[in-house]
Structures are given as structure tokens and as C-alpha cells.
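The values are calculated or read from the model by the stated rules, or taken from the named source; none is laboratory data. As the structure is a computational prediction, the values presented were derived from the model and not from experiment. Here the Cβ positions follow ideal geometry from the backbone for every residue, glycine too, while neighbour counts run over all protein chains shown.
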Amino acid sequence: MASNSSEKDHGNYVPTPVGAGVGVRDGESLKEVFVVGEDHIPECFVAGKDSSLDITVIVLPGCKAGIPLKFELTGEGASVRLSGIFLCKDDDGVSFDITMHHRAPRCKSNQVFNGIAAGRSQCSFSGRIIVAPGASLTEAYQENHNILLGDLARVGTKPRLEIYNDDVKCSHGATVGKLSEEEQFYMRSRGIPEEETKVLQMISFVAPVLSGCDDPVLAGRVEAAIREMA
Amino acid sequence: MSEILLKITDLHASVGDKEILKGVNLEIGRGEIHAVMGPNGAGKSTLSAVLTGKPDYNVTSGTIEFMGRDLLAMKPEERAWAGIFLSFQYPVEIPGVTITNFMKTAVNSSRKARGLEPLKAPQFMKLLKEKMELVRMRPEFAKREVNVGFSGGEKKRNEIFQMAMLDPVLAILDETDSGLDVDALKIVADGVNALHTPEKSAIVITHYQKLLDYVRPDVVHVLKAGRIVAVGGAELITKIENDGFEQF
């Protein structure tokens, strides 16, 4: 009952202790690209005041992995850019379990995950954004877009926003679709072979994430993996 | 008569269960410009779709020969390599793919199919610049994503630019005049005329005479309810303009 409107209703927010993890200290910044199965990926990052994190996670074909990732935004004004690409085929299975916990005011987080699933692969993306009471002026965005290349591939996407605060900007978007045949026909009518049209479509699909990595070697590996999937 | 470039014989085609083309016959000689005119729903766009091999359009009987080859046995990209080009009525947006990258891939795929080396970057950029000037596209368009955020006129100019880049033997212009103002129409028509040589043919598909004021056809066909119901010279255009398609 909202009989006493001056008392802030924090709903079901359950305070939890800040997780232990890689700390990014006040005012510092961290930019890292992790390839799943090759690099050790910390499960938790703690972002201090005015710190800035830019984390990219890449899943190349031939992977079976659960990827838990937690971000604790404990310092005022922290910002996190989290991006990911997952390319799965055959019997690959990948499952992202992400928590973006805004604990302090004026923090920003931006997540973009683009996945392509072929063969009988199974992918799941669970993205949770928590805005704690007191974390006013939070900006938190999350996008997860997926392409299914075959009838047997599966993608599950589950965005979850838990907002215990009025003064925030949050949004999420999730899509699962196929490569557009209309685009393919247009390109083929210009003489681009069908397989190459798919490669162009998939490369453009992951390009927004890949361009943020500034890593030509990795970009080459992603392109090679895409060519094998087309 | 000049060499026959395209020969359509008793062509029947359907989309789903619906038969749209009901026995089309058409011959186009090298160097000729043909107009195919007809009311909405006559089958004009189906004809262009079948000529370019669009999926979901089924040819149920009849044949199409292009320079002596069985066109219907060829994939859309193989038809492009053989020299067929369609200027789309509704050009498709391809997010994330720039015009430069799109055209480089298209030009070099065709060259590869013909056993030629890919164009080197400076050669390609020179060609791109020259052809963009032909349709008065500003240079910054080269970096833009294909058709994304283009106005109707810009999309149509982009079609003619692509045509200039690919240098087809047979150009099919499907309602290229629709949605164009007079200035854009003139630019498009000038582009089409500049590309036309005695070696090349074109099919102009339209239901208005607009574009035909600038691109003069040698032969005019009237397509109605899936059949060619009249064939004539440019005088047919005036006849249609005066009395409509009801007379056929």
C-alpha cells in the first residue's frame, strides 16, 4: 500500500555484497578483448569512481562454454562498454549469464551482443541489469541480436531489467532472425555469388562490435570463421 | 534483322498458385531498346523477376534464351555475369555494407567468373568516381551503406550507377521512372542513354510514358493480363497516352 508516499519503495531489491573481482580503480580505464577458450576471463569486474571499462568477449566456432560475467559499478560516474560476438556451429553450445549491477549514481553501461548460430548449436543469452536504490541518473542499455543459419540451431535470449529507482534511462532490445533473402537476391543480381552475399551480411552484422576492438588479426580470424559458416 | 539477344517463347510463370504470365513471346535484337508497357497487375514486374531469377517465381512452361544460352538454368549471379542487369523498382537496403565494398565485390566477382584478374584498388576507385559522376552522385555516397537512408531519387540514381559499373549487355529498367521528379528523371535518362551503344539492349518496363520521352524505344510491347497484346513502334506510346490500356 502506498499510503506513505514519502517513504521510498525499494520493492524486492535484495542487497547483496559486492563481488570480488578485477578492480578498476577510481579514474582508471581498462580495455580488454577476450577470446573464449583461449584467454582467462574474470567472472567479475568492479568499477570505481569515474572509471571506464571496455570489455569485448569473442566466441569462435568449436566452443562449449558457460560464460558468467558480472559487473559491479560501485563508484559514481563509472562507465562500462561490454560487447560480444558469438559464432556457433555444429554441436557448439554457449551460454552467457551477465549481470550489470549499478550500485552508484551517474553510471553508464552499454551492452551489445551479436550472435550467429548454425548447425545444431545452442546459444543462450541472459542479461540482467540491476539498478540499485540510490543509483540515480543511471543509463543502462542492452542489445542482443541473433541470426539463425539453420533450422536446427537454437538461440534463447532473456533480458531482465530490475530497476529500483525512478531517475534512470534504461532500454533493452533482443531479436532472433534469419539472413534476409531479399538482400541476398539484390546482391546476387549484381553478380555476387550466393555464398559471398551471406559472408557480407554476416560480416556487416558483427562489424559494430569488431570495429571497437581495433585488432586486425582478430578481425581476420572472425572473418575466416564466418566464411566457414556461410 | 540484327542478332537476337533475348528470345522469350511461350513463357508461363506463377507466384504461389497464381499464374501471372500466361504465354509471353518476346524477341530483342542486339542494340535495340524495347518498352514493355501495361497497367498495374499486368505481370510487368513478374517478367523482370523471372528474367533475373528471383526465388519464389516459378516458370511452369516456356523458354528464355539469352545469347543462345538457356537463361532459366542459370543462377541470378550467373545471369549477371552473362550481362543481364535489373534496375529494381524498389532497390533493397543493405545495412552495414558500403557502396564501395558492394561494388568492389560485384565487379570482381564478375571479372573472376570471366577469368579476369580483380581490379586493383586505384583502377577500381577511378572507375567508381567516373561512374558516380555520370549520375551526379556526390563522392561521399561511396562510403554510405547501400540504399540506407537514401531518398527515392537517390536510390534510382544508385541503380543506374551500378548499371554503369557493371556494364551489362541487357539492362532491364523496372519502373525506374516511378517516384522521380523531372530533374532526377532527366539524370537517370541521360545515364541510360550515355550507356547505350549499338552492342547493348534495354527493356524499359513502365506504365507511364515519362521515361520514354527521354529514352526512345525501337519497339513497344503492351503487356496485359499476362500476355503481350500489342506490338508496335513509338506511336503506340501516344496511343496509350491518349486512350489508356482499355483499348487492347
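Determine which single condition B:Ala171 fails, assuming it passes every other condition in (1) more than 14 Å from every other protein chain (Cβ to nearest Cβ); (2) within 30 Å of B:Asp213 (Cβ to Cβ); (3) of a type outside the set (Val, Ile, Thr).
Of (1) more than 14 Å from every other protein chain (Cβ to nearest Cβ); (2) within 30 Å of B:Asp213 (Cβ to Cβ); (3) of a type outside the set (Val, Ile, Thr), only one is false for B:Ala171: (1).
Can you pull out every residue in region A:54-83 that is within 18 Å of A:Thr16 (Cβ to Cβ) and charged (D, E, K, R)?
Of everything in region A:54-83, those that are within 18 Å of A:Thr16 (Cβ to Cβ) and charged (D, E, K, R) turn out to be A:Lys70, A:Glu72.
Quick check on region B:148-164. Is at least one of its residues of a type in the set (Gly, Ala, Ser) and either in contact with a Gly (Cβ under 6 Å, 6 or more places away or on another chain) or farther than 30 Å from B:Gly96 by Cβ (or both)? Steps first, please.
As a first pass, look at region B:148-164 and keep what is of a type in the set (Gly, Ala, Ser): B:149, B:151-153, B:164.
Retained after the next criterion (residues that are either in contact with a Gly (Cβ under 6 Å, 6 or more places away or on another chain) or farther than 30 Å from B:Gly96 by Cβ (or both)): B:152.
Yes, because at least one residue in region B:148-164 is of a type in the set (Gly, Ala, Ser) and either in contact with a Gly (Cβ under 6 Å, 6 or more places away or on another chain) or farther than 30 Å from B:Gly96 by Cβ (or both).
If you go through region B:111-134 one residue at a time, do you hit one that is in contact (Cβ under 8 Å) with a residue 24 or more places away in the chain, within 13 Å of another protein chain (Cβ to nearest Cβ) and surrounded by fewer than 21 Cβ atoms within 10 Å (Cβ to Cβ)?
Checked region B:111-134: at least one residue is in contact (Cβ under 8 Å) with a residue 24 or more places away in the chain, within 13 Å of another protein chain (Cβ to nearest Cβ) and surrounded by fewer than 21 Cβ atoms within 10 Å (Cβ to Cβ).
So, in region B:11-50, of the ones that are touching a helix residue (DSSP H, G or I) at 6+ places or on another chain (Cβ under 7 Å) and touching a residue at least 60 places away in the same chain (Cβ under 8 Å), which residue ends up farthest from B:Pro217 (Cα to Cα)?
Looking at the filtered set, the residue picked out is B:Ile20.
Looking at (1) surrounded by fewer than 24 Cβ atoms within 10 Å (Cβ to Cβ); (2) hydrophobic (A, V, I, L, M, F, W, C); (3) over 15 Å from A:Gly156 (Cβ atoms), find the lone condition where A:Ile85 falls short.
(1)
Which residue, of B:Glu78, B:Glu32, is buried (at least 17 other Cβ atoms within 10 Å of the Cβ), acidic (Asp, Glu) and within 13 Å of another protein chain (Cβ to nearest Cβ)?
On the way: B:Glu32 fails: within 13 Å of another protein chain (Cβ to nearest Cβ).
When all the criteria are applied, what remains is B:Glu78.
Can you go through B:Ile94, B:Ile84 and tell me which one is touching a residue at least 24 places away in the same chain (Cβ under 8 Å), among the β-branched types (Val, Ile, Thr) and farther than 22 Å from A:Leu179 by Cα? If you could, list the steps in order and put the result at the bottom.
On the way: B:Ile94 fails: farther than 22 Å from A:Leu179 by Cα.
When all the criteria are applied, what remains is B:Ile84.
Scan region B:150-170 and tell me whether some residue there is buried (at least 17 other Cβ atoms within 10 Å of the Cβ), over 30 Å from B:Ile8 (Cβ atoms), of a type in the set (A, V, I, L, M, F, W, C) and out of contact with any His (no Cβ under 9 Å at 6 or more places or on another chain).
yes
Out of the residues in region B:131-169 meeting the condition of being in contact with a Phe, Trp or Tyr (Cβ under 7 Å, 6 or more places away or on another chain) and modelled with pLDDT of 95 or more, tell me which one is nearest to B:Gly68 (Cα to Cα).
B:Pro168
Of all residues in region B:35-58, count the ones that are buried (at least 16 other Cβ atoms within 10 Å of the Cβ) and more than 14 Å from chain A (Cβ to nearest Cβ). I'd like the intermediate steps shown before the answer.
So in region B:35-58, the residues buried (at least 16 other Cβ atoms within 10 Å of the Cβ) come out as B:35-39, B:42-54, B:57.
Among the residues that remain, those that are also more than 14 Å from chain A (Cβ to nearest Cβ) are: B:35-39, B:42-44, B:46-47.
Residues in region B:35-58 being buried (at least 16 other Cβ atoms within 10 Å of the Cβ) and more than 14 Å from chain A (Cβ to nearest Cβ): 10 in total.
Within region B:111-230, which helices (runs of 4 or more DSSP H) (wholly inside it) include 3 or more residues that are touching a strand residue (DSSP E or B) at 6+ places or on another chain (Cβ under 9 Å)? Give the steps one after another, and end with the answer.
Numbers: elements: B:121-134, B:152-166, B:182-195.
Filter on region B:111-230 gives B:152-166, B:182-195.
Would region A:26-46 turn up any residue that is over 28 Å from A:Arg221 (Cα atoms) and under 20 Å from the mean Cα position of the chain (by Cα)? Lay out the reasoning, then the answer.
The initial filter retains those residues of region A:26-46 that are over 28 Å from A:Arg221 (Cα atoms), namely A:26-28, A:46.
Right, trim to under 20 Å from the mean Cα position of the chain (by Cα) and you get A:46.
Yes, that holds for at least one residue.
Would region A:155-171 turn up any residue that is within 9 Å of chain B (Cβ to nearest Cβ), part of a loop (DSSP other than H, G, I, E, B) and surrounded by 18 or more Cβ atoms within 10 Å (Cβ to Cβ)?
The initial filter retains those residues of region A:155-171 that are within 9 Å of chain B (Cβ to nearest Cβ), namely none.
No, there is no match, as no residue in region A:155-171 is within 9 Å of chain B (Cβ to nearest Cβ), part of a loop (DSSP other than H, G, I, E, B) and surrounded by 18 or more Cβ atoms within 10 Å (Cβ to Cβ).
State all residues of region A:18-38 that are under 24 Å from A:Gly119 (Cβ atoms) and outside any strand (DSSP E or B); if no residue qualifies, say none. Break it down stepwise before answering.
Step one: of region A:18-38, the residues under 24 Å from A:Gly119 (Cβ atoms) are A:34-38.
Scanning region A:18-38 gives A:Gly37, A:Glu38.
Considering A:Ser211, A:Ser189, which residue is surrounded by 15 or more Cβ atoms within 10 Å (Cβ to Cβ), small (Gly, Ala, Ser), within 12 Å of chain B (Cβ to nearest Cβ) and touching a helix residue (DSSP H, G or I) at 6+ places or on another chain (Cβ under 9 Å)? Break it down into steps so the answer makes sense when it comes.
On the way: A:Ser211 fails: surrounded by 15 or more Cβ atoms within 10 Å (Cβ to Cβ).
Only one candidate passes the filter, namely A:Ser189.
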